[in-house]
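Reviewing the structure listed below.
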Amino acid sequence: MLAVCATPIGNLEDVTLRVLREFGEADLVLCEDTRRTKILLERHGIEAKLLSYHEHNEAERIALTSDAGLPGVSDPGARLIAAALGAGVAVTVLPGPSAVETALVASGLLGEQYRFLGYLPRAEQARAALWEELGRWPHAAVAFESPQRLPASLASLAARWPERSVAVCRELTKRFEEVVPGTAAEVAAQFTEPPKGEITVVFGGAPAP
């Protein structure tokens, strides 16, 4: 059996009791980064055999975890889950913290629907195409972005839709958590240099024509 385990996106106390029990009972815990997962397990007094996604094993009960959040959402775990299902292996999901939903609620921009964009495009042409697409999307959208690329992405958005509502959510659930809302122009002006930490960006829906 493959158990897909959500882990904290920041605060180590956000892990569920069910996930902790699964870690303790699993023959093997597959990790994105064994060092990150080891910190979580040690914090809760759990001993487990850890391996990276890429190492072969023959365990009967495996717990799959990512560095933060639910495996399979913008991380390599999706390929392993698909392979397990294709091989007839039972897969169960243990839900938990999500940067996507946390950012949406914290931004105040969530309505009846939202769209998840994954990581924002690196190339300006691709970003411009995405802004045009979002210009026709009347609901919120949420994306991940690297701190290094955030200033360029915000400047690009502000150039096309300066009045679009946006919120930059940084270091969610951690000590220096920060949510910066405003128009695209206002928020871009606050992030002219790369910030520190993990970034989730929420875009408000396009205004009605």
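The values are calculated or read from the model by the stated rules, or taken from the named source; none is laboratory data. The structure displayed is predicted, hence computed values, not measured ones. Backbone-built Cβ (ideal geometry, glycine too); neighbour counts: all protein chains shown. Surface accessibility is based on the protein's heavy atoms, side chains included, excluding ligands, DNA and RNA. Shrake-Rupley method; radii C 1.70, N 1.55, O 1.52, S 1.80 Å.
Overview of results
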| item | result |
| --- | --- |
| Per-residue SASA entry for I39, accessible area with 1.4 Å probe, Å² rounded to 10 | 100 Å² |
| Per-selection Rg to Rh, segment 98-173 - Cα, Kirkwood hydrodynamic radius | 0.93 |
| Computed over segment 117-197: relative contact order in percent, which uses C-alpha pairs under 8 Å that are six or more apart | 30 percent |
| Angle between the chain longest axis and helix 150-160 axis [Cα atoms, degrees, rounded to 10] | 40 degrees |
| Between 0 and 90°, nearest 10: helix 77-86 axis offset from the chain longest Cα axis | 50 degrees |
| Segment A189-E101, length gained on full extension (0.36 nm per residue, minus Cα span) | 29.1 nm |
| Where segment 63-124 is the region considered: accessible area per residue in Å², 1.4 Å probe | 52 Å² |
| Fraction of accessible area attributable to carbon and sulfur, the chain (%, probe 1.4 Å) | 52 percent |
| Rotationally averaged projected area of segment 162-209 (alpha carbon convex hull; nm²) | 3.5 nm² |
| The chain: relative contact order as a whole-number percent, Cα under 8 Å and 6+ apart | 21 percent |
| Between helix 124-134 and the chain: long-axis angle, C-alpha atoms, 0 to 90°, nearest 10 | 80 degrees |
| Assigned charges on the beta-carbon of Lys, Arg, Asp, Glu; the chain dipole about Cα centre (debye) | 280 debye |
| Kirkwood hydrodynamic radius over Cα pairs of segment 64-148, then Stokes diffusion coefficient at 4 °C and 1.567 mPa s, in µm²/s | 86 µm²/s |
| Translational diffusion of the chain, µm² s⁻¹ [Kirkwood Rh, Cα pairs; Stokes-Einstein; 37 °C; 0.692 mPa s] | 179 µm²/s |
| Added length on full extension, which subtracts the Cα-Cα distance from 0.36 nm per residue, I46 to A128 | 24.8 nm |
| Size of charge dipole - segment 117-165 - debye, nearest 20, with Cβ of Lys, Arg +1 and Asp, Glu -1, no other charges | 40 debye |
